[in-house]
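What follows is a single structure, written as structure tokens, with notes after it.
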Amino acid sequence: NAGVMQNPRHLVRRRGQEARLRCSPMKGHSHVYWYRQLPEEGLKFMVYLQKENIIDESGMPKERFSAEFPKEGPSILRIQQVVRGDSAAYFCASSRTGSPGELFFGEGSRLTVL
Amino acid sequence: AQSVTQLDSHVSVSEGTPVLLRCNYSSSYSPSLFWYVQHPNKGLQLLLKYTSAATLVKGINGFEAEFKKSETSFHLTKPSAHMSDAAEYFCVVSDINTGNQFYFGTGTSLTVIP
């Protein structure tokens with residue numbers, strides 16, 4: 001049973017480009033969470049999705065960031081017109097039941113904006 | 001409202017000595033509590049969880065934590081530190097009424113001195 005798969009593991013973009021981060025949850029998991037981790041900081045919640053629905057996006061910046069979790073395929077976190085401040089590790093976690101069940105994390109996608 | 005406070009941002013211990021990482025939480029209801037560990041450039045791995053069963057919870061790698069409702073604490077301990085324990089540790093709280101949200105502490109960085 002494969003764990004949470006994130007790709008790419010490392011992504012380099014120039015300012016103004018777009019970044020797409022993908023997350024395939026564990027088999028049987030329909031709850032997906034995205035977190036951002038800046039250097040020397042903890043995890044910051046971004047968005048919580050279930051299949052085809054955004055449940056809570058209170059942690060998402062109002063502009064340039066979007067997320068989806070389609071009926072088929074992985075969840076995608078999209079960052080448009082990236083800026084240097086977007087450089088961070090982005091972690092995806094999945095859960096079979098949502099709160100208060102257990103979160104399973106991917107290895108993260110590390111975005112570097114030049 | 002739910003929140004987690006990790007009282008120490010950095011803890012340093014000598015190899016073979018006990019480890020104590022402190023966590024206090026606030027929760028309006030019966031919480032579920034988790035400890036996760038993150039090694040450098042890796043995703044988060046579940047160490048242990050409390051979900052209203054036994055208050056003393058044993059986890060992987062010799063770690064354990066005790067849920068103390070009267071003190072609203074869930075401190076992580078290990079009798080004897082190993083070099084491989086050096087990592088970042090996160091305390092997490094959730095409950096069935098949080099709208100499927102998990103609340104992370106800011107993390108404690110554990111250094112083990114040979």
Inspect all residues belonging to region A:88-111 and state whether any of them is within 14 Å of chain B (Cβ to nearest Cβ), more than 27 Å from B:P40 (Cβ to Cβ) and among the basic types (K, R).
yes
Exception for B:G16 within (1) on the phi < 0 side of the Ramachandran plot; (2) in contact with a Ser or Thr (Cβ under 8 Å, 6 or more places away or on another chain) falls at (1)
Does at least one position in region B:57-66 carry a residue that is of a type outside the set (A, V, I, L, M, F, W, C), touching a Phe, Trp or Tyr at 6+ places or on another chain (Cβ under 9 Å) and within 14 Å of another protein chain (Cβ to nearest Cβ)?
yes
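Is it the case that A:M60 is more than 10 Å from chain B (Cβ to nearest Cβ), under 19 Å from A:A88 (Cα atoms), in contact (Cβ under 8 Å) with a residue 24 or more places away in the chain and under 13 Å from the mean Cα position of the chain (by Cα)?
So A:M60 fails the test.
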What strands (runs of 3 or more DSSP E) lie completely within region B:1-59 and have 3 or more residues being under 18 Å from B:V112 (Cα atoms)?
B:10-14, B:19-21, B:32-38
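Of these, B:S32, B:S26, which one is at the interface with another protein chain (Cβ under 10 Å from one of its Cβ atoms), polar (S, T, N, Q), under 12 Å from B:F74 (Cα atoms) and surrounded by 12 or more Cβ atoms within 10 Å (Cβ to Cβ)? First the steps, then the outcome.
Numbers: B:S26 fails: at the interface with another protein chain (Cβ under 10 Å from one of its Cβ atoms).
Unique residue meeting the criteria: B:S32.
Taken together, the values in this text are just the output of simple stated rules run on the coordinates, not laboratory data. Values in this document were obtained by computation on a predicted structure and should not be read as measured data. Cβ atoms come from the backbone with ideal geometry, glycine included; neighbour counts cover every protein chain shown.
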